[in-house]
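In what follows, a single structure is set out as C-alpha coordinates and then discussed.
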Amino acid sequence: MLSQLRSFPNLLTLLRLSFIPFIVSSILDGRYEIAFVLFVLAGVTDALDGVFARSLGQRTKLGEYLDPIADKLLLSTMFLVLSILHKIPWKYTVLVFSRDISILSASVVLYAIAGLRDFRPSIFGKVNTFAQVAAVFFVLLFQLDRSRWVWITRTTFLHATLAFTIVSGLHYVFVVGQRLLAHSETPAKSAARQRA
(Lines give C-alpha, C1' and ligand atoms only; values in the text may rest on other atoms or scores of the structure.)
Protein backbone atom coordinates (compact mmCIF):
# COMPACT_ATOMS: atom_id res chain seq x y z
CA MET A 1 0.00 0.00 0.00
CA LEU A 2 2.85 2.39 0.86
CA SER A 3 4.60 1.68 -2.45
CA GLN A 4 1.32 2.42 -4.28
CA LEU A 5 1.04 5.70 -2.38
CA ARG A 6 4.51 6.71 -3.59
CA SER A 7 3.69 6.17 -7.27
CA PHE A 8 3.87 9.40 -9.28
CA PRO A 9 0.18 9.45 -10.35
CA ASN A 10 -0.96 8.95 -6.75
CA LEU A 11 1.40 11.71 -5.56
CA LEU A 12 -0.28 14.02 -8.08
CA THR A 13 -3.66 13.04 -6.65
CA LEU A 14 -2.43 13.79 -3.12
CA LEU A 15 -1.14 17.14 -4.39
CA ARG A 16 -4.63 17.87 -5.71
CA LEU A 17 -6.06 17.09 -2.28
CA SER A 18 -3.54 19.43 -0.66
CA PHE A 19 -4.79 22.31 -2.84
CA ILE A 20 -8.28 22.21 -1.28
CA PRO A 21 -7.62 24.15 1.97
CA PHE A 22 -5.62 26.81 0.09
CA ILE A 23 -8.38 27.25 -2.49
CA VAL A 24 -11.00 27.55 0.24
CA SER A 25 -8.98 30.04 2.29
CA SER A 26 -8.34 32.13 -0.83
CA ILE A 27 -12.07 32.24 -1.63
CA LEU A 28 -12.98 33.15 1.95
CA ASP A 29 -10.41 35.96 1.86
CA GLY A 30 -11.82 37.22 -1.43
CA ARG A 31 -8.61 36.40 -3.32
CA TYR A 32 -10.33 34.87 -6.31
CA GLU A 33 -7.29 35.21 -8.57
CA ILE A 34 -5.33 32.82 -6.36
CA ALA A 35 -8.33 30.49 -5.96
CA PHE A 36 -8.82 30.43 -9.74
CA VAL A 37 -5.17 29.61 -10.45
CA LEU A 38 -5.09 26.87 -7.81
CA PHE A 39 -8.31 25.35 -9.12
CA VAL A 40 -6.87 25.26 -12.64
CA LEU A 41 -3.69 23.62 -11.30
CA ALA A 42 -5.83 21.05 -9.49
CA GLY A 43 -7.54 20.31 -12.81
CA VAL A 44 -4.16 19.91 -14.51
CA THR A 45 -3.01 17.38 -11.88
CA ASP A 46 -6.27 15.50 -12.40
CA ALA A 47 -5.55 15.19 -16.11
CA LEU A 48 -1.88 14.34 -15.63
CA ASP A 49 -2.33 11.60 -13.04
CA GLY A 50 -4.40 9.58 -15.52
CA VAL A 51 -1.90 10.19 -18.33
CA PHE A 52 1.08 9.15 -16.21
CA ALA A 53 -0.75 6.14 -14.76
CA ARG A 54 -1.27 4.82 -18.30
CA SER A 55 2.07 5.84 -19.83
CA LEU A 56 4.21 4.69 -16.87
CA GLY A 57 2.18 1.56 -16.24
CA GLN A 58 1.49 2.72 -12.68
CA ARG A 59 -2.22 2.02 -12.39
CA THR A 60 -2.91 0.91 -8.84
CA LYS A 61 -5.93 -0.24 -6.87
CA LEU A 62 -5.30 2.63 -4.45
CA GLY A 63 -5.35 5.10 -7.33
CA GLU A 64 -8.69 3.74 -8.55
CA TYR A 65 -10.23 4.77 -5.23
CA LEU A 66 -8.09 7.81 -4.40
CA ASP A 67 -8.63 9.69 -7.68
CA PRO A 68 -12.46 9.86 -7.58
CA ILE A 69 -12.34 10.62 -3.83
CA ALA A 70 -10.06 13.59 -4.53
CA ASP A 71 -12.39 14.78 -7.31
CA LYS A 72 -15.47 14.51 -5.09
CA LEU A 73 -13.82 16.26 -2.15
CA LEU A 74 -12.61 19.11 -4.33
CA LEU A 75 -15.87 19.65 -6.19
CA SER A 76 -18.16 19.15 -3.18
CA THR A 77 -16.07 21.57 -1.12
CA MET A 78 -16.13 24.15 -3.91
CA PHE A 79 -19.89 23.92 -4.34
CA LEU A 80 -20.44 24.19 -0.58
CA VAL A 81 -18.13 27.18 -0.05
CA LEU A 82 -19.39 29.04 -3.11
CA SER A 83 -23.00 28.48 -2.03
CA ILE A 84 -22.24 29.77 1.46
CA LEU A 85 -20.86 32.91 -0.17
CA HIS A 86 -23.93 33.10 -2.48
CA LYS A 87 -21.91 32.57 -5.67
CA ILE A 88 -23.76 29.34 -6.53
CA PRO A 89 -27.49 28.93 -5.75
CA TRP A 90 -28.09 26.37 -3.00
CA LYS A 91 -30.35 24.19 -5.17
CA TYR A 92 -27.34 23.03 -7.21
CA THR A 93 -25.23 22.24 -4.16
CA VAL A 94 -28.04 20.39 -2.38
CA LEU A 95 -28.64 18.24 -5.45
CA VAL A 96 -24.91 17.49 -5.90
CA PHE A 97 -24.54 16.49 -2.25
CA SER A 98 -27.76 14.46 -2.26
CA ARG A 99 -26.63 12.43 -5.27
CA ASP A 100 -23.13 11.81 -3.92
CA ILE A 101 -24.34 10.83 -0.45
CA SER A 102 -26.98 8.53 -1.96
CA ILE A 103 -24.41 6.81 -4.20
CA LEU A 104 -21.94 6.44 -1.32
CA SER A 105 -24.63 5.00 0.97
CA ALA A 106 -25.85 2.59 -1.70
CA SER A 107 -22.28 1.45 -2.43
CA VAL A 108 -21.64 0.72 1.24
CA VAL A 109 -24.88 -1.24 1.56
CA LEU A 110 -24.27 -3.21 -1.65
CA TYR A 111 -20.75 -4.07 -0.57
CA ALA A 112 -22.01 -5.17 2.85
CA ILE A 113 -24.89 -7.35 1.65
CA ALA A 114 -23.68 -8.58 -1.73
CA GLY A 115 -19.94 -7.92 -1.90
CA LEU A 116 -20.41 -5.66 -4.94
CA ARG A 117 -17.71 -3.01 -5.13
CA ASP A 118 -16.82 -2.37 -8.77
CA PHE A 119 -18.82 0.78 -9.56
CA ARG A 120 -17.01 2.41 -12.42
CA PRO A 121 -18.34 5.82 -13.48
CA SER A 122 -20.79 5.75 -16.37
CA ILE A 123 -20.65 8.13 -19.32
CA PHE A 124 -23.35 10.18 -17.59
CA GLY A 125 -21.28 10.35 -14.42
CA LYS A 126 -18.23 11.51 -16.38
CA VAL A 127 -20.25 14.19 -18.18
CA ASN A 128 -21.70 15.26 -14.85
CA THR A 129 -18.21 15.62 -13.37
CA PHE A 130 -17.11 17.67 -16.37
CA ALA A 131 -20.16 19.93 -16.00
CA GLN A 132 -19.38 20.46 -12.30
CA VAL A 133 -15.73 21.30 -13.02
CA ALA A 134 -16.74 23.71 -15.78
CA ALA A 135 -19.42 25.30 -13.57
CA VAL A 136 -16.94 25.98 -10.75
CA PHE A 137 -14.35 27.21 -13.27
CA PHE A 138 -16.73 29.79 -14.73
CA VAL A 139 -18.17 30.77 -11.34
CA LEU A 140 -14.63 31.64 -10.23
CA LEU A 141 -13.85 33.31 -13.55
CA PHE A 142 -17.00 35.42 -13.21
CA GLN A 143 -15.57 36.89 -10.00
CA LEU A 144 -12.64 38.15 -12.08
CA ASP A 145 -14.39 38.94 -15.37
CA ARG A 146 -17.99 40.17 -15.35
CA SER A 147 -18.39 39.79 -19.10
CA ARG A 148 -21.78 38.67 -20.36
CA TRP A 149 -20.33 35.61 -22.12
CA VAL A 150 -18.77 34.42 -18.85
CA TRP A 151 -22.12 34.81 -17.07
CA ILE A 152 -23.96 32.94 -19.84
CA THR A 153 -21.40 30.10 -19.85
CA ARG A 154 -21.47 29.92 -16.04
CA THR A 155 -25.27 29.68 -16.07
CA THR A 156 -25.24 27.08 -18.85
CA PHE A 157 -22.88 24.77 -16.97
CA LEU A 158 -24.82 25.17 -13.74
CA HIS A 159 -27.95 24.07 -15.60
CA ALA A 160 -25.97 21.21 -17.17
CA THR A 161 -24.84 20.18 -13.69
CA LEU A 162 -28.46 20.12 -12.55
CA ALA A 163 -29.56 18.02 -15.53
CA PHE A 164 -26.72 15.50 -15.52
CA THR A 165 -26.78 15.12 -11.73
CA ILE A 166 -30.37 13.91 -12.09
CA VAL A 167 -29.69 11.78 -15.19
CA SER A 168 -26.54 10.16 -13.79
CA GLY A 169 -28.29 9.50 -10.47
CA LEU A 170 -31.20 7.75 -12.20
CA HIS A 171 -28.79 5.78 -14.38
CA TYR A 172 -26.88 4.70 -11.27
CA VAL A 173 -30.12 3.42 -9.72
CA PHE A 174 -30.80 1.43 -12.93
CA VAL A 175 -27.27 -0.05 -12.96
CA VAL A 176 -27.48 -0.99 -9.29
CA GLY A 177 -30.81 -2.71 -9.93
CA GLN A 178 -29.34 -4.67 -12.85
CA ARG A 179 -26.31 -5.75 -10.85
CA LEU A 180 -28.41 -6.81 -7.88
CA LEU A 181 -30.66 -8.82 -10.21
CA ALA A 182 -27.66 -10.51 -11.81
CA HIS A 183 -26.17 -11.20 -8.39
CA SER A 184 -29.39 -12.77 -7.11
CA GLU A 185 -29.78 -14.93 -10.24
CA THR A 186 -26.25 -16.38 -10.04
CA PRO A 187 -26.83 -18.50 -6.89
CA ALA A 188 -30.18 -19.65 -8.28
CA LYS A 189 -28.54 -20.84 -11.53
CA SER A 190 -25.78 -22.60 -9.59
CA ALA A 191 -28.35 -24.38 -7.45
CA ALA A 192 -30.31 -25.42 -10.54
CA ARG A 193 -27.18 -26.88 -12.16
CA GLN A 194 -26.38 -28.82 -9.00
CA ARG A 195 -29.89 -30.31 -8.91
CA ALA A 196 -29.60 -31.25 -12.57
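The values are calculated or read from the model by the stated rules, or taken from the named source; none is laboratory data. Owing to the predicted nature of the structure, the values given are computational and were not obtained by experimental measurement. Note that we place each Cβ from the backbone using ideal geometry, even for glycine, and neighbour counts take in every protein chain shown. For accessibility, only protein heavy atoms count, side chains too; no ligands or nucleic acids. Shrake-Rupley method; radii C 1.70, N 1.55, O 1.52, S 1.80 Å.
Out of R148, R154, one residue alone is loosely packed, with under 15 Cβ neighbours inside 10 Å and either at pLDDT 95 or above or touching a strand residue (DSSP E or B) at 6+ places or on another chain (Cβ under 6 Å) (or both). It is R148.
Residues in segment 135-158 that are hydrophobic (A, V, I, L, M, F, W, C) and over 18 Å from V94 (Cα atoms): F137, F138, L140, L141, F142, L144, W149, V150, W151, I152.
Cβ separations smaller than 6 Å between residues 6+ apart or across chains give the following pairs from segment 35-46 residues that are under 13 Å from L14 (Cα atoms) and touching a residue at least 12 places away in the same chain (Cβ under 8 Å) to residues that are in a helix (DSSP H, G or I) and open to solvent by 50 Å² or more (accessible area, probe 1.4 Å): T45/L15.
Yes or no, residue by residue, for (1) within 21 Å of S83 (Cα to Cα); (2) touching a residue at least 60 places away in the same chain (Cβ under 8 Å):
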{"residue": "F142", "(1), (2)": "yes, no"}
{"residue": "R146", "(1), (2)": "yes, no"}
{"residue": "W149", "(1), (2)": "no, no"}
{"residue": "F157", "(1), (2)": "yes, no"}
{"residue": "A163", "(1), (2)": "yes, no"}
{"residue": "I166", "(1), (2)": "yes, yes"}
{"residue": "Y172", "(1), (2)": "no, yes"}
{"residue": "Q178", "(1), (2)": "no, no"}
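For L5, the criteria (1) at pLDDT 95 or above; (2) open to solvent by 30 Å² or more (accessible area, probe 1.4 Å) hold in every case but one, which is (1).
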